[in-house]
Every structure is written in C-alpha cells, then in structure tokens.
Amino acid sequence: MEQIAVVNVVLLISGLLVLLGIASSLIATRFGAPLLLVFLVLGMLAGEDGPGHIAFSDYRLTYLIGSLALAIILFDGGLRTNLTKLRGAVGPAIAMATVGVITTAGLAGAVATYIFDIPYLQGLLLGAIVASTDAAAVFFMLHAGGIQLRQRVGAVIEMESATNDPVAVFMTAILVEIILAHGAMSGGGVETAIAIAGRLTMEASIGLVGGLLGGFAASWTLNRINLPGGLHPLLVIATAVVIFSLTAVLHGSGFLAVYVAGLILGNRPMRAAASIVTVNDAATWLCQIVMFLVLGLLVSPTRLLAVLAPAAILSAFLIIFARPMAVWLCLTPFKFSNSEKGFVSWVGLRGAVSIFLAAIPTLSGVPGADLYFNVAFVVVIMSLIVQGWSLTFAARKLDVALPRVTAPARRVELDLPGQLTLEMVGYPVASSSAIMNGGTLPRWARPAFVIRNEAVVMPAESGALQVNDTAYYLAPPARAAQLDTLFAEHTELLSTDEPFFGEFLFDGTVPLKELAGFYALNLGPAMADMTIAALFSSRFDDSPEVGDHLRMGTAVIVAREVSEGVVTRAGLQLAASPEDAAVSTVRAGFSRLRRLVGLR
Amino acid sequence: MEIRDILQPEAVVAGLKAPNKKQALQELARHAAAVTGLNERKIFETVLERERLGTTGVGSGIAIPHGKLPELTRLYAVFARLEKPIDFDAIDEQPVDLIFLLLAPESAGADHLKALARVSRLLRDASMCEKLRGAKTADGLYLLLTQTEAQAA
C-alpha cells in the first residue's frame with residue numbers, strides 16, 4: 001500500500017509541475033523571456049535548494065527522459081522542415097556540425113583547461129560537452145519570436161542543431177573512454193585519430209541509413225495500413241522512438257536517424273497529417289517542459305555557485321570567441337555575408353543537449369564528474385538568457401529576418417479519409433484580412449461552405465464573404481497553408497484610411513525606376529534596375545506572400561497577387577500616416593549612421 | 001492639401017464627350033493646357049506614359065490619371081464627368097465616367113502623393129460619386145468637390 005501512496009504522490013507532483021510549466025508560459029510570453037529558461041528555473045525552484053525541496057538526483061532517469069524528449073523534438077523538427085528549403089544549407093550545416101563542433105570544442109577545451117586548472121583531456125571533455133548547439137532550444141526559439149528568418153540562415157541554424165549532436169555525443173563518449181583508461185589510448189596519436197574518425201563516419205552513416213529506411217518505412221506503413229483514427233499520431237511517435245533506439249543499438253547516431261526520418265515522412269504525402277502534426281506539437285511541448293523541468297530538478301543551485309564565476313567566463317568565451325571563430329571558419333567558403341555569419345554565431349544556443357551530455361561522465365563514473373554537470377548548466381543558462389533573449393532583436397538588427405511580421409494563422413485543418421490529394425481547411429474571416437480587402441482566392445482552392453451566424457451556407461447561396469464568417473475550402477495539403485496569407489490579419493496595412501492594396505495597381509514586371517519617377521520612391525542603389533517582382537523576390541527570399549509590403553519613402557508597395565512565388569500584381573499605398581513617416585526617417589538616419597561607421 | 005488649392009472652377013467639365021480612353025485623356029490634356037499654359041501634347045504624353053505602367057482606373061467608374069511636368073510650379077487638377085461611360089482598362093473592368101486629372105511639378109515629391117491620396121479618398125466615397133453623377137452643371141460639380149472638404153474639416 002505504501003508503494004501505491006508513493007506513486008500517487010509522485011504523479012501529483014509531476015502533474016502539478018507540468019501545470020506550473022504551462023501556466024508560467026503565459027507569464028513568460030508577456031515578458032518575452034525565453035520559455036525554456038522559465039521551465040529550467042521552475043525545475044530549480046521545485047528542486048532540493050528551492051522552496052519545493054524535492055531531492056532528485058537520478059542521472060539515469062534524466063538520461064532516459066532526455067533521450068526520449070530529444071528524439072521526439074528532433075523528429076518533429078524534421079517533420080516540419082520543407083526539404084526544398086534546405087537547398088544550399090546542407091553543405092554549410094554539415095561543415096558546422098563537424099568542423100564547427102570540433103573547433104568549438106577544441107577552443108573551449110583549451111580555455112577550460114586553463115580556467116579550471118584541470119588536465120587537457122578533461123578540459124577537452126568539458127569543451128565537447130558545451131560544443132554543440134541544442135536542437136530543442138533552436139527549433140523552439142527561432143519560431144517563438146514571431147520572426148521569419150531568411151531561408152538560408154534559418155535552414156543552416158536549424159539543420160546544424162539537428163545534426164551536430166552526433167559529433168558532440170561521440171566526442172564526449174570517446175573522451176570519457178580515454179579518461180577512464182587513464183590516457184592509455186593516447187600513445188599512437190595518428191592511429192587513434194584515424195580510428196576515431198572512422199568510428200564517427202560509421203556512426204553517422206548508420207544513422208543516415210537508419211533514418212532513410214525508417215522514414216520511408218514509416219511513410220509506407222502510415223499510408224497503407226488502416227487504423228482507428230486516434231492511432232495514427234501514436235504510430236508515428238512510436239516509430240520515431242523505435243528508429244532512434246534501434247539505430248543507437250546498432251551503434252549508429254539515433255539523433256541523426258530520427259531527424260532524417262522526420263524529414264522524409266514530413267515531405268511525403270501523409271495520411272492524417274493534420275492530427276499527426278497537432279499531436280506531435282503537443283508531444284514536443286510536453287517534451288520541452290518535462291526535459292527542462294527535470295534538468296532543473298537535477299541540478300543543485302547551491303553547488304552551481306562554486307563554479308559560477310569560472311563557468312560564466314567559459315560561457316562568455318564561447319559566445320564571444322569560440323563560436324564566432326568556428327562559424328567564420330565553416331561559413332566563409334560558402335560565401336555567407338558578415339551579418340549572416342554574425343547572426344549564426346550569435347544564435348549558438350546551448351540547451352538540454354549539453355546538460356544531458358554532462359550526465360555521461362557521471363553515469364560512466366568519471367572522477368569529479370560533478371564539475372562537468374555544473375559548468376554545463378551555467379553555460380546553458382547564460383546562453384538562454386543572453387542569446388535567447390536577444391535573438392529577435394539580433395535578427396532585426398542584422399537584417400537576417402524577412403521584413404514581415406507573422407501572426408499565427410488560425411487555420412482549421414480536416415483530413416478527408418479515403419484520399420490524400422485534398423484536405424479541408426477553414427479560416428475565421430477578419431475585416432483586416434487580404435481576402436476582405438480585394439485579395440483573390442487562388443484557383444486551386446475550392447469553396448466548400450461558409451459558417452455564418454451558426455448556420456452552414458453552401459457556396460451557391462453564400463455570396464461574398466462577410467466578417468465573422470468561417471470559410472471552408474478544399475485544397476491540396478501541400479498548398480493549403482498558402483491560404484494563411486489571405487486570411488491573416490494585416491492591421492498594419494490599414495494604418496491609414498487608404499485601401500488595403502493601395503490606390504493603384506501595377507504588374508509585377510514594371511521596373512521600379514519608372515515608378516520612382518512618379519511617386520518619389522526611395523530606391524537603394526541595388527534596386528534601381530529591379531522590377532517590382534524582383535524586389536519582392538529579393539526581399540522575401542523568393543517566397544513573397546499576398547499582403548507582404550515594403551515601404552519606399554512615403555509610399556508602400558503591397559503584393560496583391562502572387563503566382564508560383566512571383567509577385568504578378570502589386571498595389572501602391574500612396575501616403576503613410578505622418579507618425580510612420582517620422583519613424584522611418586529616424587530609421588533611415590540610423591542606417592546612414594551605421595553605414596558611416598562601416599557596420600554594413 | 002485641399003482640392004480648392006489645386007482645382008480651379010474653369011478646370012471642371014460636365015458632360016465631356018469622348019468615345020474612348022485615349023481621346024478622353026486628350027480632351028483632359030486640352031483643358032489642362034488651358035489652365036496651366038503648357039503644351040497640350042506634352043501633357044497628354046506624360047499622362048499616357050503613366051497609363052502604360054498600369055491603369056489609373058481605380059474602380060467604381062473612377063479614374064485618376066496623373067503625371068509630373070518639370071515646367072509646373074504647383075499642382076494643377078482637371079475634373080471631368082463624361083457624357084457616356086467609357087472603357088478605361090479599370091481594375092474592376094467597369095466603364096469610367098468620373099475622371100480627375102492631377103499634374104504635379106517634378107519636385108513635388110510627398111505633396112504629389114498627398115494630393116493623389118486626397119483625391120482618391122474623396123472619390124472613394126460612394127455618396128459623393130452619386131452626387132457628382134447627379135450634378136447638372138460644372139459649377140455644381142466644382143461646389144461638390146470643394147465644399148465637402150470644408151464641411152469635413
């Protein structure tokens with residue numbers, strides 16, 4: 001009976017902690033605090049030194065939870081990534097995941113050896129633990145700020161974080177082995193290096209193959225076997241866990257495998273896609289909350305204090321020197337601009353992976369393993385605070401985000417069983433949406449019905465859409481999300497009493513130079529020879545959307561019709577409100593100042 | 001920026017006769033030449049050049065052709081109500097019967113945009129357009145175009 005009582009208490013505490021995590025997300029978003037940090041702090045507060053007084057020191061359980069959570073987060077990250085968006089990012093990401101991680105680990109290791117006054121091998125181990133960026137943190141933070149990064153930069157950062165864990169895990173494991181063997185392997189340096197490289201290649205290859213096979217198998221199974229509705233998402237998550245663990249059992253990189261499997265599955269037609277994405281979303285949230293809570297619980301904040309100062313120095317070195325060095329080394333051959341490299345350097349977010357890698361020495365019984373764990377913890381907290389908090393700001397400053405504010409779409413998606421080519425999507429109709437202001441529906445979207453005043457109205461009777469309708473369409477799943485732009489709220493386009501798409505309409509082929517003459521547009525030097533379509537393509541990374549707009553002097557150009565990623569028609573809003581004009585003048589002044597100082 | 005600052009009573013025409021867009025623009029250019037003292041052909045070509053970039057038929061039977069001329073020292077406008085609506089390649093493909101021509105000096109910049117926005121806002125008002133279509137004389141049109149803004153202000 002006592003056993004049962006204990007179980008119930010443990011369940012009660014766990015449930016309460018997750019509830020607290022969810023509640024704190026409300027507060028955190030209001031202050032713009034990085035949510036993962038909030039979960040971590042919550043865990044620390046609940047832990048032995050906080051008001052919660054929960055004594056938790058089970059490294060093995062933490063490792064288990066961490067592995068499971070990371071596998072699911074990485075899988076979800078792959079699932080959401082559009083393969084075509086990875087174009088041009090694979091090479092740089094792989095360079096960063098290999099050369100980048102090793103460089104960072106080496107530099108951080110050297111400094112750690114000096115700061116903590118430990119043997120070089122142990123310093124290097126510490127370097128390896130904090131060398132890789134964290135997929136959980138990166139996937140989460142990049143999408144939390146409402147910004148949309150330029151495709152190449154975003155793809156490199158995401159892909160790097162998803163693929164660098166194997167290298168860091170491997171380095172950590174090898175170094176632990178060497179330290180435990182008291183440097184016995186340090187004899188034949190070159191031979192050892194070759195052996196290590198060989199094993200690393202082996203692990204990565206097995207991981208890649210495992211992910212490919214697993215992904216295709218999952219896709220095939222999902223689309224061919226009939227299951228009761230609720231089981232599809234579960235099938236996918238369970239498959240991900242199997243792919244991860246089986247690959248790891250076969251001495252491959254499980255992390256690489258789940259990410260690749262997610263990429264494959266997410267880029268093929270998928271039955272029950274809507275429910276899978278929804279459930280995965282919830283699962284990923286739960287993983288983030290539980291993983292960071294548990295890591296927070298595991299640490300003893302009072303023991304952190306002992307290493308706080310030196311660990312903070314190491315962290316600063318990582319942020320200011322080691323990471324930028326590695327990024328410069330890896331990305332320069334791929335012709336990234338300075339601001340792009342600057343941003344990638346700044347977004348070297350450390351997270352659960354580092355803390356979790358720090359558990360390996362403890363689990364393996366390396367003497368003085370506490371040090372690694374506590375230092376990793378401080379480094380992660382520093383990274384979440386300094387880099388996490390400033391991420392959106394840095395993206396805007398370094399001009400690596402698209403000039404667009406993304407409001408989350410309130411799309412309802414319904415799977416249509418029996419076929420994979422169409423799904424149903426529904427949107428609430430807002431007065432400030434493009435569709436209510438002259439935007440046109442693409443041909444491939446077929447109106448299904450409208451919900452108006454709680455009644456279903458068929459297209460034949462509904463007439464024009466009205467505000468507060470909910471409109472439903474049949475659309476190919478791959479394109480359905482493109483409707484988001486038509487229904488998104490664009491209050492900033494209605495800041496004056498001018499029409500949403502402006503007074504005058506122009507073809508995308510009109511050269512900007514000719515427009516500039518009539519409307520006093522401020523054209524930058526590179527823009528003089530562009531057409532309207534080319535301008536939108538360059539500023540919105542070849543994927544402009546209806547409602548995207550660019551201010552040029554007092555006028556604003558608004559994309560009105562977009563076909564196959566090219567703006568075919570654009571409107572011109574003539575006069576911005578006076579306040580806006582003042583703000584843009586100040587901004588222009590600042591950018592001139594920046595150019596003077598030579599920052600750009 | 002007020003309409004009465006740029007539109008003179010003699011630049012308002014009720015019942016302009018023109019069979020098509022080109023001739024309507026030619027007629028407007030002739031009236032504009034009379035108030036500005038500039039070459040009619042020059043005005044016509046400037047306005048036509050702007051139409052080539054995209055129509056100024058903004059919908060609901062309204063067109064706002066415009067252009068910049070280096071010889072001008074201030075903004076000038078001509079307003080015409082056509083006797084019969086004509087095809088103007090308008091955005092909504094509806095025939096046009098109310099045309100507001102706006103000419104600006106080369107250096108006008110923001111003033112030019114403000115004036116265009118002002119005219120566009122005035123003619124977007126459906127009840128205004130209804131009154132303009134019902135007015136009998138050019139004087140009536142002029143009063144409508146200039147009075148409303150005094151009330152609004």
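The set of residues in segment A:457-477 being small (G, A, S) and crowded, with 20+ Cβ neighbours inside 10 Å consists of A:A471, A:A475. When the residues of segment A:402-436 are filtered to those that are touching a Gly at 6+ places or on another chain (Cβ under 9 Å) and of a type in the set (A, V, I, L, M, F, W, C), the one that is modelled with the lowest pLDDT is A:A407. I'd like to check something: does segment A:478-495 contain any residue that is farther than 18 Å from A:R404 by Cβ, of a type in the set (S, T, N, Q), within 14 Å of chain B (Cβ to nearest Cβ) and surrounded by fewer than 18 Cβ atoms within 10 Å (Cβ to Cβ)? Within segment A:478-495 (the criterion being farther than 18 Å from A:R404 by Cβ, of a type in the set (S, T, N, Q), within 14 Å of chain B (Cβ to nearest Cβ) and surrounded by fewer than 18 Cβ atoms within 10 Å (Cβ to Cβ)), the answer is no, since none of the residues qualifies. Restricted to strands (runs of 3 or more DSSP E) entirely inside segment A:437-476, no element has at least 1 residues that are in contact (Cβ under 8 Å) with a residue 60 or more places away in the chain and out of contact with any Gly (no Cβ under 6 Å at 6 or more places or on another chain). The requirement of being at pLDDT below 85 and open to solvent by 80 Å² or more (accessible area, probe 1.4 Å) is satisfied by A:S57. Between B:D92, B:D97, B:D87, the distinction of being open to solvent by 40 Å² or more (accessible area, probe 1.4 Å) and free of Cβ contacts under 8 Å to residues at least 60 places away in the same chain belongs to B:D92 only.
Tell me, please, whether a residue that is under 17 Å from A:Y472 (Cβ atoms), assigned to a strand (DSSP E or B), open to solvent by 50 Å² or more (accessible area, probe 1.4 Å) and β-branched (V, I, T) can be found in segment A:402-419. Looking for residues that are under 17 Å from A:Y472 (Cβ atoms), assigned to a strand (DSSP E or B), open to solvent by 50 Å² or more (accessible area, probe 1.4 Å) and β-branched (V, I, T), one finds at least one in segment A:402-419, hence yes.
So, of the residues in segment A:63-119 that are of a type in the set (S, T, Y) and touching a residue at least 60 places away in the same chain (Cβ under 8 Å), which turns out to be farthest from A:R152 (Cα to Cα)? Top of the filtered list is A:Y63.
Are any residues in segment A:496-515 acidic (D, E) and open to solvent by less than 20 Å² (accessible area, probe 1.4 Å), and if so, which ones? A:E498, A:E503, listed by residue number. Within segment A:180-207, the set of residues being at pLDDT 85 or above and either among the hydrophobic types (A, V, I, L, M, F, W, C) or buried (at least 16 other Cβ atoms within 10 Å of the Cβ) (or both) comprises A:M202, A:E203, A:A204, A:I206, A:G207.
Screening A:F500, A:F536, A:F506 for residues that are touching a strand residue (DSSP E or B) at 6+ places or on another chain (Cβ under 6 Å) and more than 10 Å from chain B (Cβ to nearest Cβ) leaves exactly one candidate, A:F536. Within segment B:75-83, one or more residues are of a type outside the set (S, T, N, Q) and within 14 Å of chain A (Cβ to nearest Cβ). Scan segment A:76-94 for residues that are open to solvent by 60 Å² or more (accessible area, probe 1.4 Å) and within 22 Å of A:L200 (Cβ to Cβ) and jot them down. A:V90, A:I94, listed by residue number. Number of residues in segment A:512-529 that are at the interface with chain B (Cβ under 9 Å from one of its Cβ atoms) and either under 15 Å from A:G571 (Cβ atoms) or in contact with a helix residue (DSSP H, G or I) (Cβ under 8 Å, 6 or more places away or on another chain) (or both) equals 5. Flag not set for B:R124, criterion: in contact with a helix residue (DSSP H, G or I) (Cβ under 8 Å, 6 or more places away or on another chain) and either open to solvent by less than 40 Å² (accessible area, probe 1.4 Å) or not hydrophobic (A, V, I, L, M, F, W, C) (or both).
When restricted to residues that are farther than 28 Å from A:S432 by Cβ and modelled with pLDDT under 80, segment A:519-552 contains 6.
Kindly evaluate B:A110 against the criterion of being open to solvent by 10 Å² or more (accessible area, probe 1.4 Å), within 14 Å of chain A (Cβ to nearest Cβ) and within 21 Å of A:F500 (Cα to Cα).
Here the answer is yes, as B:A110 does meet what is asked.
When only residues in segment A:553-566 that are within 13 Å of chain B (Cβ to nearest Cβ) and under 31 Å from the mean Cα position of the chain (by Cα) count, which is modelled with the lowest pLDDT? Checking each candidate, the answer is A:E561. Here the condition is being touching a strand residue (DSSP E or B) at 6+ places or on another chain (Cβ under 7 Å) and over 17 Å from A:I174 (Cβ atoms); of A:A395, A:A376, A:A352, it holds for A:A395 alone. Inspect all residues belonging to segment A:331-344 and state whether any of them is closer than 21 Å to A:G109 by Cβ and in a helix (DSSP H, G or I). There is no residue in segment A:331-344 that is closer than 21 Å to A:G109 by Cβ and in a helix (DSSP H, G or I). Against the criterion of being open to solvent by less than 20 Å² (accessible area, probe 1.4 Å), over 22 Å from A:A570 (Cα atoms) and either within 12 Å of chain A (Cβ to nearest Cβ) or assigned to a helix (DSSP H, G or I) (or both), B:L132 qualifies.
Applying the set (1) assigned to a strand (DSSP E or B); (2) in contact with a His (Cβ under 9 Å, 6 or more places away or on another chain); (3) within 14 Å of chain A (Cβ to nearest Cβ) to B:V13 leaves exactly one unmet item: (3).
Is it true that some residue in segment A:484-506 is at pLDDT 80 or above and in contact with a Phe, Trp or Tyr (Cβ under 6 Å, 6 or more places away or on another chain)? Yes, segment A:484-506 contains a residue that is at pLDDT 80 or above and in contact with a Phe, Trp or Tyr (Cβ under 6 Å, 6 or more places away or on another chain).
Can you find a residue in segment B:48-59 that is outside any strand (DSSP E or B), in contact (Cβ under 8 Å) with a residue 40 or more places away in the chain and either touching a strand residue (DSSP E or B) at 6+ places or on another chain (Cβ under 6 Å) or under 21 Å from B:E10 (Cα atoms) (or both)? Scanning segment B:48-59, I find no residue that is outside any strand (DSSP E or B), in contact (Cβ under 8 Å) with a residue 40 or more places away in the chain and either touching a strand residue (DSSP E or B) at 6+ places or on another chain (Cβ under 6 Å) or under 21 Å from B:E10 (Cα atoms) (or both), so the answer is no.
For segment A:357-368, the criterion of a residue being open to solvent by 40 Å² or more (accessible area, probe 1.4 Å), assigned to a helix (DSSP H, G or I) and outside the structural domain of A:L124 (by TED's automatic domain parsing) is satisfied by no position.
Across segment A:131-171, the number of residues qualifying as open to solvent by less than 10 Å² (accessible area, probe 1.4 Å), over 11 Å from the mean Cα position of the chain (by Cα) and among the hydroxyl-bearing types (S, T, Y) comes to 2. Please work out which residue is farthest from the other protein chains (Cβ to nearest Cβ), limiting yourself to segment B:120-129 and to residues that are under 13 Å from B:L98 (Cα atoms) and small (G, A, S). Out of the qualifying residues, it is B:A126.
The values are calculated or read from the model by the stated rules, or taken from the named source; none is laboratory data. These numbers come from a predicted model, not from an experiment. In this analysis, Cβ positions are derived from the backbone assuming ideal geometry, glycine residues included, and neighbour counts consider all displayed protein chains. Each accessible area value is taken on the protein alone, full model and side chains, heavy atoms only, with ligands, DNA and RNA left out. Shrake-Rupley method; radii C 1.70, N 1.55, O 1.52, S 1.80 Å.
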